[in-house]
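Q: Sending over a structure as structure tokens; questions will come in a sec.
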Amino acid sequence: MIYFLFVLPPFLLGLYAQWKVKSSFAAMSEVPASMTGATAARRMLDAAGLQSIGIEQVPGQLSDHYDPRAKVLRLSPNVYGGRSMAALGVACHEAGHAFQDAERYAPLVVRNLAVPAANFGSGIGATLLFVGAIMAFKPLMWIGVILFSAVVFFQVVNLPVEFDASNRARAHLVEYGLISAQEEKYVAKVLNAAALTYVAATLQSIMTLAYYLFILMGRRD
């Protein structure tokens with residue numbers, strides 16, 4: 001019961017956020033745009049002098065991301081070829097990450113550096129914690145908690161990165177004449193829904209860490 005008190009609220013928020021993203025994307029996919037998501041992202045990048053950034057189509061639904069190592073935007077079919085406000089919003093959000101990369105935006109640099117530690121900590125942190133609990137070996141439990149803390153750090157740093165990319169997309173879509181100021185509200189609906197997923201993921205990691213600390217602090221040596 002204690003475990004559910006910690007993790008259930010952010011878990012439910014995460015489910016709601018996923019539903020909100022899908023429903024908002026579906027609704028805004030019905031609002032037409034004058035160009036595809038790939039075209040909008042290309043124009044946004046070119047206007048900023050980022051002609052070297054590539055744009056590729058990848059399979060999947062909402063599998064869109066920017067690869068800082070390959071310097072390429074990878075867009076799902078519905079975004080790459082979609083002529084809708086949803087496609088423009090998602091594509092230009094990813095272009096916003098390319099802007100951050102080109103400017104060496106500090107939170108993005110920190111986030112990228114934290115990725116290996118977060119991947120390692122998410123996989124082994126909980127394992128070490130519970131193995132330490134079974135063995136009644138508190139130092140091992142502390143190591144597990146410290147490793148999992150890297151996941152929380154990554155999620156917290158990720159928030160300003162994602163919010164900034166969305167703000168850049170909304171501003172530049174209007175600034176570069178890709179949409180009208182009146183149409184910006186449609187793009188905002190998709191990006192605001194996506195932002196909720198980042199908030200939910202951060203809360204989930206924080207509350208999971210809090211639960212681990214609760215277990216650790218409650219144990220007697």
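The values are calculated or read from the model by the stated rules, or taken from the named source; none is laboratory data. Remember, it's a predicted structure, so these values are computed and weren't measured experimentally. Positions of Cβ are backbone-derived with ideal geometry, glycine not excepted, and every protein chain shown enters the neighbour counts. Each accessible area value is taken on the protein alone, full model and side chains, heavy atoms only, with ligands, DNA and RNA left out. Shrake-Rupley method; radii C 1.70, N 1.55, O 1.52, S 1.80 Å.
Q: For the chain, what is the calculated [θ] at 222 nm in deg cm²/dmol (nearest 500), taking -39500 (n - 2.57) for each run of four or more DSSP H residues and dividing by its residue count?
A: -26000 deg cm²/dmol
Q: Also, I was wondering about something else. By how many degrees, between 0 and 90 and to the nearest 10, does the Cα long axis of helix 106-134 differ from the longest principal axis of the chain?
A: Taking Cα atoms only, the helix is inclined about 30 degrees.
Q: Counting other Cβ atoms within 10 Å, keep those with at most 15, restrict to DSSP loop, and tell me which chymotrypsin sites (Phe, Trp or Tyr not before Pro) in segment 160-221 are left.
A: Answer by residue number: Y176.
Q: Counting only heavy atoms of protein chains, what accessible area per residue, in Å², does the chain have with a probe of 1.4 Å?
A: For the chain, the per-residue accessible area is 51 Å².
Q: Still on this structure, I have one more. How much length would be gained if the chain were fully extended between S63 and Y176, taking 0.36 nm per residue of separation minus their Cα-Cα distance, in nm to one decimal?
A: Going from the current span to full extension adds 38.1 nm.
Q: Once neighbouring chains are kept in place and the probe is 1.4 Å, which whole percent of the accessible area of the chain is contributed by carbon and sulfur?
A: Whole-percent figure for carbon plus sulfur exposure: 64.
Q: Across 10 Å bins from 0, what is the distribution of all Cα-Cα pair distances for segment 4-94, in whole percents?
A: Histogram of Cα-Cα distances, whole percents per bin: 17, 41, 25, 13, 3.
Q: What is the P(r) of the chain, as percent of Cα-Cα pairs per 10 Å bin from 0?
A: 9, 29, 30, 18, 10, 4, 0
Q: Identify the trypsin sites (Lys or Arg not before Pro) of segment 67-121 meeting these criteria: DSSP loop state and at most 10 other C-beta atoms within 10 Å of the C-beta.
A: R69, R104
Q: Need one number: nm distance between label points at M1 and E30, each 7 Å from Cα along Cα→Cβ, rounded to one decimal.
A: 4.5 nm
Q: Taking only Cα atoms, what is the 0 to 90° angle, nearest 10, from helix 37-47's long axis to the longest principal axis of the chain?
A: Relative to the chain, helix 37-47 is tipped by roughly 80 degrees.
Q: Which residue, F120, P139, A195, has the largest displacement toward the positive end of the dipole of the chain when charges sit on each Cβ (Lys, Arg +1; Asp, Glu -1)?
A: Of the listed residues, the answer is P139.
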